[in-house]
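Since the structure comes first, as structure tokens, the remarks are kept for the end.
What follows is calculated from the coordinates using simple rules that are stated; it is not laboratory data. Computed from a predicted model, the values in this text were never measured in an experiment.
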Amino acid sequence: MTAAESVQLVDPWVKAVDDGMTAAFGTLENTGDADVTLVSAQSSASSMVELHETVMTDGQMQMQQKDGGFVITAGRMREFAPGADHIMLMGVTQPLLPGDQVMITLTFSDGSSIEKAFEVKEFTGADEEYMGDLSDSGNE
């Protein structure tokens, strides 16, 4: 069984945005009997997509790219939520409005992938701080 066959995506959604960057959330459930690793994501809605984790830096919670991806333990779930781990969409190519659908492809370490529609929702809050300079990410 491939990683993509053993993973279910529950309640996938993306934070509405006019331009710049936004994030995708949801819960990945590994129904298989082996750990799987989410290593990348991509979407035509943005020029760059990264997996981000939350870390404590100098007494502040900040987001940064997650090296090596996220392990989803066999029989367990991994939640991606505002203010926590998430999928970062940078260089958004057009406004993402509430009710829109954004297709995102999730790729696992075994090379398998799943493509899912994420619903765009209005959300205020979780104004994260990011490590490094992401302000130019959409201008590449």
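Give me the distance between the Cα centres of the range 1-20 and the range 94-108, rounded to whole Å.
Centre-to-centre (Cα) distance: 8 Å.
Please compute the contact order of the range 3-116 in relative form: average sequence separation of alpha-carbon pairs under 8 Å and at least six residues apart, divided by the residue count, as a percent.
Details: 269 pairs, mean separation 41.5, N = 114.
Answer for the range 3-116 is 36 percent.
Tell me the Rg and the Dmax, in Å, that the Cα atoms of the range 1-53 produce.
Using the Cα atoms of the range 1-53, the pair Rg, Dmax is 13.1, 41 Å.
Suppose we take every Cα in the range 22-120 and form the convex hull; what volume per residue is that in Å³? The partial results should precede the final answer.
Values: hull volume 10.7 nm³, N = 99.
Output value, Cα hull per residue: 108 Å³.
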